[in-house]
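One structure is given below, represented as structure tokens, and several questions about it will come after.
The values are calculated or read from the model by the stated rules, or taken from the named source; none is laboratory data. Bear in mind that the values here come from a model prediction, so they are computed numbers and not experimental data. Here the Cβ positions follow ideal geometry from the backbone for every residue, glycine too, while neighbour counts run over all protein chains shown. Quick note on the areas: whole protein, heavy atoms, side chains included, nothing else; ligands and nucleic acids left out. Shrake-Rupley method; radii C 1.70, N 1.55, O 1.52, S 1.80 Å.
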Amino acid sequence: AVLAWLEDNGTKRSIEEIKRNLRWLSARLQGRALADITDDVIRQLARERQAQPVNAASIARAQAAGRTPPAPVATSNATVNRHLAELSKILHYAHQRGWLASMPPIAHRPEPAKRVAWITRQEAATLIAELPPHLAAMARFALCTGLRESNIRLLCWQQVDLQRGVAWIYGDQAKAGRDITVPLNAEAIAVLLAQKGQHTRWVFPVPRWAKKRHPEEKPRLLLEAPTGKVSNHAWRKACVRAGLPTLRFHDLRHTWASWHVQAGTPLPVLQELGGWASLAMVQRYAHLGLTHVAAWAGNVCGTDSVQVESVTGNKNGPQGAVSQEKPVGWLMGLEPTTTRITIWDSTN
């Protein structure tokens, strides 16, 4: 059943991770009849995976080499659920092909809700100052465009049009499987102009030390193809120095989206900019921006406007924190429904 599923679905972008989970399952279920994979068997698998440390391979390698093994890292419910999800795929596939009369129940373990990891502009500036130049350029570009790590690492000059201010990601490079048009703002164009001339193909080449042909030859730094992953030792050390030890490169995409929502970018527009397959993927950032219900927030205190703190001052006051009235406005294009609501600064 596993081999047949892989034959039909072997082109998925995450196939290597899927294979790793299927290997673990196959080691315990291979040769067993599909009908014998019952609820009790599945629950036993979940308990066994939960009891196995995440770093079991590292522990085994250290023990085999006679070194002190690292401390075991507990397996989370999310990891167990990913294995159960792969098992569910295989069983559903077998059921569709008529190899399994009915699906056994698969109880997934509860997972705590995760916060969206994003950083402030000040934290971003501190991080960029700590990164080596080639990683700093990639981080700046990620914060300008919201592109994923692999799309930035493997970006080629043939995918960039500086005159029109646009770049594009091909469908076979995108997670959603469709082409993405990436409009370039002024900061993104500045990053690309600084990268011009470094490599004929890659936009963000990674410096490497050239191999010495002779022992007396001086070390030479080359700019070649990208590395396999941005989150390397240089990235992690820079994050620690910046006070962001748990930051991942992918969190820069979350940061880009969070900044957009805070600045008032509508969620459907953000979905197009980020290349998400559905609006539901963008809803995780919705709480960071104002919504149509903000217009009613002042009803409880008998006011139709909001008091905001301005750090830029106004024409009638000094520079600094000034309390001023600012209209909420009709953020979602809704018409007034009561006489207590007043539209301020209307352009209609």
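Only one of (1) among the acidic types (D, E); (2) modelled with pLDDT of 80 or more; (3) open to solvent by less than 70 Å² (accessible area, probe 1.4 Å) is not met by E187, so which one is it?
Here E187 meets the rest and fails (3).
Counting only residues that are out of contact with any helix residue (DSSP H, G or I) (no Cβ under 8 Å at 6 or more places or on another chain) and part of a helix (DSSP H, G or I), which one in the range 111-128 is surrounded by the fewest Cβ atoms within 10 Å (Cβ to Cβ)?
Per the criteria, the residue is Q122.
Report yes if R61 is among the charged types (D, E, K, R) and either in contact with a Pro (Cβ under 6 Å, 6 or more places away or on another chain) or closer than 23 Å to A1 by Cβ (or both), otherwise no.
No; evaluated as a whole, the condition is false for this residue.
When residues of the range 129-151 are filtered for being hydrophobic (A, V, I, L, M, F, W, C), more than 23 Å from G165 (Cα to Cα) and not in a loop (DSSP other than H, G, I, E, B), how many remain?
Number of matching residues: 1.
Restricting to the range 149-168, name every residue that is more than 12 Å from N185 (Cα to Cα), of a type in the set (V, I, T) and in contact with a strand residue (DSSP E or B) (Cβ under 9 Å, 6 or more places away or on another chain).
V160 - this is the single residue of the range 149-168 that is more than 12 Å from N185 (Cα to Cα), of a type in the set (V, I, T) and in contact with a strand residue (DSSP E or B) (Cβ under 9 Å, 6 or more places away or on another chain).
So, in the range 129-140, of the ones that are in contact with a strand residue (DSSP E or B) (Cβ under 9 Å, 6 or more places away or on another chain) and farther than 15 Å from C239 by Cβ, which residue ends up surrounded by the most Cβ atoms within 10 Å (Cβ to Cβ)?
The residue in question is H134.
Results for (1) open to solvent by 70 Å² or more (accessible area, probe 1.4 Å); (2) at negative phi; (3) of a type outside the set (A, V, I, L, M), shown as yes or no for each residue.
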site: R153; (1), (2), (3): no, yes, yes
site: Q159; (1), (2), (3): no, yes, yes
site: V166; (1), (2), (3): no, yes, no
site: K175; (1), (2), (3): yes, yes, yes
site: I180; (1), (2), (3): no, yes, no
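Among the residues in the range 24-37, are any farther than 15 Å from V2 by Cβ and of a type in the set (V, I, T)? Reasoning before the result, please.
Residues of the range 24-37 farther than 15 Å from V2 by Cβ: 35-36.
Next, from what is left, pick out any that are of a type in the set (V, I, T): none.
Within the range 24-37, not a single residue is farther than 15 Å from V2 by Cβ and of a type in the set (V, I, T).
Six or more apart or on different chains, Cβ under 8 Å: which pairs go from a residue in the range 110-136 that's modelled with pLDDT under 90 to one that's surrounded by fewer than 11 Cβ atoms within 10 Å (Cβ to Cβ) and among the polar types (S, T, N, Q)? Could you list them?
Within 8 Å, the pairs are A117/T246.
Yes or no: L273 in contact with a strand residue (DSSP E or B) (Cβ under 8 Å, 6 or more places away or on another chain), touching a residue at least 40 places away in the same chain (Cβ under 8 Å) and surrounded by 15 or more Cβ atoms within 10 Å (Cβ to Cβ)?
For L273, the condition - in contact with a strand residue (DSSP E or B) (Cβ under 8 Å, 6 or more places away or on another chain), touching a residue at least 40 places away in the same chain (Cβ under 8 Å) and surrounded by 15 or more Cβ atoms within 10 Å (Cβ to Cβ) - is met.
Of all residues in the range 276-287, which are under 17 Å from the mean Cα position of the chain (by Cα) and either of a type in the set (A, V, I, L, M) or closer than 19 Å to W118 by Cα (or both)?
Correct list: W276, A277, L279, A280, M281, V282, Q283, R284, Y285, A286.
Take I90 and decide whether it is touching a helix residue (DSSP H, G or I) at 6+ places or on another chain (Cβ under 9 Å) and either touching a residue at least 12 places away in the same chain (Cβ under 8 Å) or assigned to a helix (DSSP H, G or I) (or both).
When the stated conditions are applied, I90 passes them.
Do the conditions hold for L279, that is, is it at pLDDT below 90, open to solvent by 40 Å² or more (accessible area, probe 1.4 Å) and of a type in the set (A, V, I, L, M, F, W, C)?
Yes, satisfied.
Follow-up. Return the residues of the range 11-37 that are open to solvent by 40 Å² or more (accessible area, probe 1.4 Å) and not in a helix (DSSP H, G or I); say none if nothing qualifies.
T11, K12, R13, S14, Q30, G31, R32, A33
Out of all the residues in the range 38-79, which are in a helix (DSSP H, G or I), polar (S, T, N, Q), open to solvent by 30 Å² or more (accessible area, probe 1.4 Å) and in contact (Cβ under 8 Å) with a residue 24 or more places away in the chain? Reasoning before the result, please.
Keep residues of the range 38-79 that are in a helix (DSSP H, G or I), which gives 39-51, 56-64, 77-79.
Then drop every residue that is not polar (S, T, N, Q), which leaves 44, 50, 58, 63, 77, 79.
Next cut, open to solvent by 30 Å² or more (accessible area, probe 1.4 Å) only: 44, 50, 58, 63, 77.
If the condition is that a residue be in a helix (DSSP H, G or I), polar (S, T, N, Q), open to solvent by 30 Å² or more (accessible area, probe 1.4 Å) and in contact (Cβ under 8 Å) with a residue 24 or more places away in the chain, then Q50, N77 are the ones that fit.
May I ask you to say which residue of L193, L221 is exposed (fewer than 12 other Cβ atoms within 10 Å of the Cβ) and modelled with pLDDT under 90?
Numbers: L193 fails: modelled with pLDDT under 90.
None of the other options fit; the residue is L221.
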